[in-house]
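The values are calculated or read from the model by the stated rules, or taken from the named source; none is laboratory data. None of these values were measured; they are calculated from a predicted model. Cβ sites come from the backbone with ideal geometry, for glycine too, and all protein chains shown count toward neighbours. Keep in mind that these areas ignore ligands, DNA and RNA; they rest on the heavy atoms of the full protein, side chains included. Shrake-Rupley method; radii C 1.70, N 1.55, O 1.52, S 1.80 Å.
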Amino acid sequence: MTKINENYLKLPGSYLFSTIAKRVAAFKEQNPDKTVISLGIGDVSRPLVPAVVEAMHKAVEEMAAKETFRGYGPEQGYGFLREAILKGDYLSRGINLAADEIFVSDGAKSDVANFQELFSTDSVVALQNPVYPVYLDTNVMAGRTGSFADGKFAGVIYLPCLAEHNFVPQLPTEHADIIYLCSPNNPTGSAMTRAELKKWVDYALEHKSVILFDSAYEAFISDENVPHSIYEIEGAEKVAVEFRSFSKTAGFTGTRCAYTVVPKALEVLSADGSKQSLNALWLRRQTTKFNGVPYIVQRGAEAVYSPAGRQQTQEVIAGYMQNAQVILQALQNAGITAYGGKNAPYIWLKTPAGLDSWAFFDKLLTEACVVGTPGVGFGSCGEGYFRLTAFNTPDLTREAAARVAALKF
Ligand code: PLP
């Protein structure tokens, strides 16, 4: 009989958000008269901005005319979008990259999930704890870890992200081959400063490691000393891949568009000791396994970089960050210590004494009818913490915040 990939069996049974959904569904069934507000899952609530919609409409018309219809596009993205990204996100910030170092994709999730395929299975992985679960789970699936015991997979370097360091990971004492860094961070809402990120780039240069830098929340950065790209750090083009997404930047969670930067200066070793270009390998991988993002969607993404698109998306982001302030204020009123909400749309709160992450989830759900995400769902260091997101509408966020502020602990 056919055998399965045993690594899949190492993964703990239930995915965090499906567990939450089940608990919420049960609560709603028992309390049909109550309105539950979600500050849980990280999905946007505002529609696509007019500049994007207009560009997509135009692209639909092009697809409807025989002179301008397009079939398969380049797997790595149309030149117009790669150029717009290059100019809008890099050259304008003094970062020298080339358009063929940018790969357009259908999501940062799939890219961060797939990128590990390029590395040998015995590579040592380091990742933040708590962490966006995709980095860990995909390495488990690939067989890069041992089994799961006491909340951890054997063979993985977990980098505790603790309050005493503003939830920023500290360098490990041991050697790591692949390092996942997420800044601004999901779930903690923290962001690494230039000085903090430089330590990691220097470590990777010294250890010949590769940093997989997930910057899906770059658009939310407000601090001057938080870099918008890892390539602002000297030498990073030799050690880092950067993942960005239009999902939260421009409300593309349902539309799907993202991109990954793989500099040509980034090389890794093959078994015979020769150096291999990750850019060439990623191109090979994408052209084999991926058929590109729809033309209409790429035209929409391009419009994010137009003056109108920029202004409109910035207004949306400002609205979400206003929500973050409302939530932070409510938590302060309730006497709860909270972090984040400044460079990221996530608020990371310390659960009050006597309540672990799931006990706080239950209290919030049953007493305030508000849904959030238990921090422990993102890793053992998330125990005793809880994540709220700023992505709901202003009205519902205010309502949820008022309910939270009225809670007694
Ligand atoms: N990376 C992080 C850290 C995220 O939080 C998310 C989505 O929540 C993603 C990537 C996924 O982005 P995309 O919608 O582009 O797949």
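Accessible-area rank, largest first, for K350, K87: K87, K350, with all protein chains present and a 1.4 angstrom probe. Taking segment 191-233, which GluC sites (Glu not before Pro) meet the DSSP loop condition and have no more than 15 other C-beta atoms within 10 Å? When the GluC sites (Glu not before Pro) of segment 191-233 are filtered for loop state and at most 15 Cβ neighbours within 10 Å, E224 remain.
DSSP bridge analysis restricted to the chain gives an antiparallel fraction near 60%, rounded to the nearest 5. Take H57: with every protein chain present and a 1.4 Å probe, its accessible area is about 120 Å².
Ordering K363, K58, K152 by accessible surface, largest first, gives K58, K152, K363; the 1.4 Å probe counts only protein heavy atoms, with every chain in place. Please work out whether segment 245-356 counts as rounded, prolate or oblate from its C-alpha gyration tensor, where a ≥ b ≥ c are the square roots of the eigenvalues and a/c under 1.5 means rounded, while otherwise a/b larger than b/c means prolate and anything else oblate? Oblate is the answer for segment 245-356, as a/c is 1.5 or above yet b/c matches or exceeds a/b.
A simple rule links phi to the HN-Hα coupling: the Karplus curve 6.51 cos²θ - 1.76 cosθ + 1.60 with θ = phi - 60°, which for segment 90-103 gives 10, 4, 5, 9, x, 9, 8, 10, 10, 4, 7, 9, 10, 10 Hz, with x for Gly and Pro. Scanning the chain for DSSP H helices at least 18 Å long along the axis (C-alpha atoms) with a Kyte-Doolittle mean no lower than 0.0 picks out 16-30, 50-64.
Placing dummy labels 7 Å off each Cα toward the beta-carbon, the span from T68 to A353 is 6.7 nm.
Of the GluC sites (Glu not before Pro) found in segment 1-99, those that fall in a DSSP loop while having at most 15 other beta-carbon atoms within 10 Å are E6, E67.
The helix-only estimate of mean residue ellipticity at 222 nm for the chain, built from DSSP H runs of length n ≥ 4 each weighted as -39500 (n - 2.57), is -10500 deg cm²/dmol after division by the residue total. Taking 0.36 nm per residue of separation and subtracting the Cα-Cα distance, full extension of the segment from L205 to A149 would add 16.9 nm. Rounded to the nearest 0.05, the FRET efficiency derived from the C-beta distance between A406 and V134 at R0 = 41 Å is 0.70. Between P130, P172, P184, the Gaussian network model of the chain with springs among Cα atoms under 10 angstrom shows the greatest mean-square fluctuation at P172. Heavy-atom accessible area with a 1.4 Å probe sorts C161, C381, largest first, into C381, C161. Measuring with a 1.4 angstrom probe and ignoring ligands and nucleic acids, D214 comes out at about 10 Å² accessible.
If the segment from R93 to Q332 were pulled out straight at 0.36 nm per residue, it would be longer than the present Cα-Cα gap by 82.4 nm. Considering only A142, L159, L181, and ranking their Cα positions along the charge dipole of segment 121-203 that arises from unit charges at the beta-carbon of Lys, Arg, Asp and Glu, the one farthest toward the positive end is L181. Treating r as the C-beta distance of M141 and A280 and R0 as 25 Å, the FRET efficiency rounds to 0.55. Take the Cβ atoms of E164 and A308, set R0 to 51 Å, and the FRET efficiency comes out at 0.70. Take the chain with all the other protein chains still there, run a 1.4 Å probe, and you get 44 Å² of accessible area per residue.
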